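> Have a look at the structure that comes next, please.
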């Protein structure tokens, strides 16, 4: 790992992909449940604390070049810094388990319904382990291909579903004030925005161009693009399903597209709260 490096542009793509990740499946429903038709504003507010976090990480990287958060925590705090490093490692493991569960639940719910979840979890975990074995450079190169293709596909879906959008679903704007929007943005500030603290374990592997380098700028740009994608996903969900149905539907972004394809849908009040098309 010490011999590997990624470019600033690859850092931008990694942050974007990390920010969108599984949040595109889960965050819209949670945000709409709190802020209803105004939920699309919450990702834009959540970017602000994200920029502050990026600024802190970039500043610490300049102060302690060539060190990860685990290493400079010891330099700053001494012995308690080792505890901070252990907490960061635990957070990474815990977050990985949550993401693995989220992916497994989504695949087993909407795609491979009769496939046992442990098999899906094992397949995803093996793929992730293979990527780790190949190294961060390989992961960054793969992201350079996969993310632009995914973004084109996402924008294509946005364009195709535009005729089904009902802008009236976005009204009235701020009917309950800013408080619900702020509450939703606080949630997004922790998931997915706050999770980019893990890039403190990667940022010192980034090759800078020029004397000063712009790691913080590329990280902030990646975060902004990721939150804009999330905003578009929330807008599409609200305008197609409406705020109330979106708030009751798991994976609302997915089912908004599915309901548009079929032209009709039937929402079952099951424990999963999923919207099935017919």
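Quick note: the coordinates plus some simple rules give every number you see, no bench work behind them. Quantities reported herein were computed from a predicted structural model and do not represent experimental measurements. All Cβ positions, even for glycine, are placed from backbone atoms using ideal geometry, and neighbour counts span all protein chains on display.
> Ignoring everything except DSSP H segments at least 4 long, calculate the 222 nm mean residue ellipticity for the chain; use -39,500 (n - 2.57) per segment, divide by total residues, nearest 500. The partial results should precede the final answer.
Numbers: 11 runs with 188 residues, N = 278.
It comes out at -22500 deg cm²/dmol, rounded to the nearest 500.
> Using mean Cβ contacts within 10 Å as the protection proxy, how do 223-229, 54-60, 82-88 order, highest first?
Going from most to least packed, we get 223-229, 54-60, 82-88.
> Could you tell me how far the Cα centroid of the stretch 183-198 sits from the Cα centroid of the stretch 67-107, in Å?
Measuring centre to centre over Cα atoms gives 15 Å.
> On alpha-carbon atoms, Rg over Rh for the stretch 154-232 using Kirkwood Rh?
Answer for the stretch 154-232: 1.11.
> Helix 136-161: angle to the longest alpha-carbon principal axis of the chain, degrees 0 to 90, nearest 10?
With both axes taken from Cα atoms, the answer is about 20 degrees.
> When ranked by the protection proxy of mean other Cβ atoms within 10 Å per residue, highest first, what sequence do the peptides 249-256, 128-135, 3-10 form? Please report the intermediate quantities before stating the final value.
Details: 249-256: 24.4, 128-135: 11.8, 3-10: 16.1.
The densest-packed peptide leads the list: 249-256, 3-10, 128-135.
> Also: Report relative contact order for the stretch 8-166 in percent, whole number only (criteria: Cα-Cα under 8 Å, sequence separation at least 6). Mind showing how you got there, number by number?
Working: 60 pairs, mean separation 40.5, N = 159.
It comes to 26 percent, rounded to a whole number.
> So, one more: Would you compute, for the Cα atoms of the stretch 1-149, the largest minus smallest coordinate along each principal axis and list the three values in descending order, in whole Å?
Computed over the stretch 1-149, the largest-to-smallest principal extents equal 50, 40, 33 Å.
> Let me check against my output: what whole-number percent is the relative contact order of the chain, with C-alpha pairs under 8 Å and at least 6 apart?
Working: 341 pairs, mean separation 119.1, N = 278.
Here the relative contact order equals 43 percent.
> Could you compute Rg(Cα) / (2.2 N^0.38 Å) for the stretch 1-61, with N its residue count?
1.44
> Follow-up. Looking at the P(r) of the stretch 122-173, how many percent of alpha-carbon pairs lie beyond 15 Å?
Value for the stretch 122-173 (Cα pairs over 15 Å): 67 percent.
> Cα-Cα pairs above 18 Å in the stretch 80-228: how many percent?
Working: 8392 of 11026 pairs.
Cα-Cα pairs in the stretch 80-228 separated by more than 18 Å: 76 percent.
> Consider the candidate values (i) 192; (ii) 146; (iii) 297; state which one is volume of the Cα convex hull per residue in Å³ computed from the structure displayed.
Step by step, volume of the Cα convex hull per residue in Å³ for this structure corresponds to label (ii).
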